[in-house]
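All remarks here apply to the structure that follows.
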Amino acid sequence: MDNWRKSSYSGGGDGNECVEIATHPTHISIRDSKSPTRATLTLPTPTFTAFINALKNIPTTQ
(Lines give C-alpha, C1' and ligand atoms only; values in the text may rest on other atoms or scores of the structure.)
Protein backbone atom coordinates (compact mmCIF):
# COMPACT_ATOMS: atom_id res chain seq x y z
CA MET A 1 0.00 0.00 0.00
CA ASP A 2 1.26 3.46 -0.88
CA ASN A 3 1.87 6.07 1.77
CA TRP A 4 0.55 9.23 0.07
CA ARG A 5 1.45 12.67 1.43
CA LYS A 6 0.55 16.16 0.32
CA SER A 7 3.28 17.88 -1.63
CA SER A 8 4.86 20.91 0.02
CA TYR A 9 4.30 22.72 -3.29
CA SER A 10 0.51 22.35 -3.13
CA GLY A 11 -1.49 25.48 -2.54
CA GLY A 12 -2.41 26.60 0.94
CA GLY A 13 -5.87 27.21 2.30
CA ASP A 14 -8.40 24.52 1.53
CA GLY A 15 -5.98 22.59 -0.71
CA ASN A 16 -7.54 23.45 -4.06
CA GLU A 17 -4.20 22.77 -5.77
CA CYS A 18 -3.32 19.63 -3.88
CA VAL A 19 -0.85 17.18 -5.35
CA GLU A 20 0.07 14.07 -3.40
CA ILE A 21 3.17 11.96 -3.79
CA ALA A 22 4.19 8.47 -2.71
CA THR A 23 7.88 7.67 -2.64
CA HIS A 24 9.46 4.28 -3.24
CA PRO A 25 13.12 3.28 -3.55
CA THR A 26 12.88 3.06 -7.36
CA HIS A 27 10.07 5.44 -8.32
CA ILE A 28 7.82 8.35 -7.32
CA SER A 29 4.05 8.34 -7.86
CA ILE A 30 2.02 11.54 -8.17
CA ARG A 31 -1.77 12.00 -8.02
CA ASP A 32 -4.47 14.63 -7.70
CA SER A 33 -5.85 14.42 -4.17
CA LYS A 34 -9.29 15.49 -5.38
CA SER A 35 -9.43 12.38 -7.60
CA PRO A 36 -7.32 9.76 -5.80
CA THR A 37 -8.86 6.80 -7.65
CA ARG A 38 -8.00 8.18 -11.07
CA ALA A 39 -4.71 7.59 -12.86
CA THR A 40 -1.38 8.36 -11.22
CA LEU A 41 1.84 9.49 -12.83
CA THR A 42 4.74 7.22 -11.89
CA LEU A 43 8.33 8.10 -12.76
CA PRO A 44 11.70 6.51 -11.97
CA THR A 45 13.31 8.45 -9.11
CA PRO A 46 16.12 9.99 -11.26
CA THR A 47 13.58 11.13 -13.86
CA PHE A 48 11.38 12.70 -11.19
CA THR A 49 14.39 14.53 -9.74
CA ALA A 50 15.35 15.87 -13.18
CA PHE A 51 11.72 16.95 -13.76
CA ILE A 52 11.58 18.90 -10.46
CA ASN A 53 14.96 20.52 -11.14
CA ALA A 54 13.77 21.60 -14.60
CA LEU A 55 10.64 23.13 -13.07
CA LYS A 56 12.74 25.09 -10.59
CA ASN A 57 14.70 26.60 -13.49
CA ILE A 58 11.67 27.88 -15.43
CA PRO A 59 11.72 31.69 -15.31
CA THR A 60 8.62 33.27 -13.83
CA THR A 61 6.86 36.17 -15.51
CA GLN A 62 5.26 38.97 -13.57
Worksheet item: According to a simple spin-label model (label point 7 Å from Cα along Cα-to-Cβ), what is the distance in nm between CYS18 and ASP32?
Response: 1.4
Worksheet item: Which order do ARG5, ARG31, ARG38 take when ranked by solvent-accessible area (1.4 Å probe, heavy atoms of all protein chains), largest first?
Response: ARG38, ARG5, ARG31
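The values are calculated or read from the model by the stated rules, or taken from the named source; none is laboratory data. Here the structure is a predicted model, which means the values were calculated and not measured. Ideal geometry is used to build each Cβ from the backbone, glycine not excepted, and the neighbour counts take in all protein chains shown. The protein model used for the area step is the full one, side chains on, heavy atoms only, and it has no ligands, DNA or RNA in it. Shrake-Rupley method; radii C 1.70, N 1.55, O 1.52, S 1.80 Å.
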